Amino acid sequence: MRYSSFVISSSSVFDRFNFDFYLNELSLSSVIDILLVALIIWSILMLVRGTRAVQVLRGLIVFALVLLFVDTFVDLTAFRWVVAKILPALLVAIPVIFQPEIRRALARLGQTGYYIQFWRRAPEHPAIDTLAEACRRLSKRRHGALLVIERDTGLQEYIDTGVKIDAELSVPLLLNIFYKDADLHDGGVIIRDGRLTAASCIMPLSNSQMSDRQMGLRHRAALGTSEVSDAIVLVVSEETGQIAIAHNGRVLPKQPQQQLERILHAFLQDTEA
């Protein structure tokens, strides 16, 4: 008796979804509507890919699916009232939760190169070889360093916090700047168009939780810089000598020293091409 009543109730639920009706009513405008929604969802997924927001988004999707499942298959008046009150609150909370990603997306939309990035190949960056060799030597000497490669997002406000240099980038220059007793050792250097624009710059610190306990203040500054701009940031740990790369709101630790040129080329081409 229970089984038969369950089958009847289940079939009545599925009767709500008249697929033949929807297929017959499908028009060109409906197809365009579906494609636009799919494009928005795809853009959101690309926006948060590789960041901590993926876990939050995944949790929100699971939570919403559970609510919809219970609301559809179980007739609970009080629960339905709670769901009706929670969903509007989630719509308000989403912009707050994904504030860094939304800010980064709007910044990218304002970049001239964003609209043509699929139609051109990124030029070779003139500073890659110099940066890679400097990082290897700094790592060997256990001299901490923070090197920021400026791209489309301007970093002038951070350049103004440091010491203007505007010199041709070279390995000896970077080694002298990040020597432990040097006056410009603290802070980061900013590279613009292959030239060392400024040193001892105060970079923004991230409020995100660092997964690796060996990551210190420089890593937090690298992550913070990558959260507010499209810069590529190199970090050399003073404690371990390990080299990390920060970009797009994430830090990739323990980069192999002998492959730094290839990794930097890949980063610059993937993000500029």
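So which of LEU173, LEU184 is over 21 Å from the mean Cα position of the chain (by Cα), assigned by TED's automatic domain parsing to the domain that holds GLU150 and part of a loop (DSSP other than H, G, I, E, B)?
LEU184 is the lone residue from the list that is over 21 Å from the mean Cα position of the chain (by Cα), assigned by TED's automatic domain parsing to the domain that holds GLU150 and part of a loop (DSSP other than H, G, I, E, B).
Residues in segment 246-268: is at least one touching a strand residue (DSSP E or B) at 6+ places or on another chain (Cβ under 8 Å), modelled with pLDDT of 90 or more, of a type outside the set (Phe, Trp, Tyr) and assigned by TED's automatic domain parsing to the domain that holds GLY162?
yes
Can you find even one residue in segment 195-218 that is surrounded by fewer than 21 Cβ atoms within 10 Å (Cβ to Cβ), in a helix (DSSP H, G or I) and modelled with pLDDT under 90?
Yes, the conditions are met somewhere in segment 195-218.
Are any residues in segment 96-109 at pLDDT below 75 and exposed (fewer than 10 other Cβ atoms within 10 Å of the Cβ), and if so, which ones?
Hits for segment 96-109 are LEU106, LEU109.
What number of residues within segment 41-62 are surrounded by 12 or more Cβ atoms within 10 Å (Cβ to Cβ) and modelled with pLDDT of 75 or more?
So the answer is 1.
The values are calculated or read from the model by the stated rules, or taken from the named source; none is laboratory data. Quick caveat, the model's predicted, so the values are computed rather than measured. Don't worry about glycine lacking a Cβ; one is built from the backbone with ideal geometry, like all the others, and counts go over all protein chains shown.
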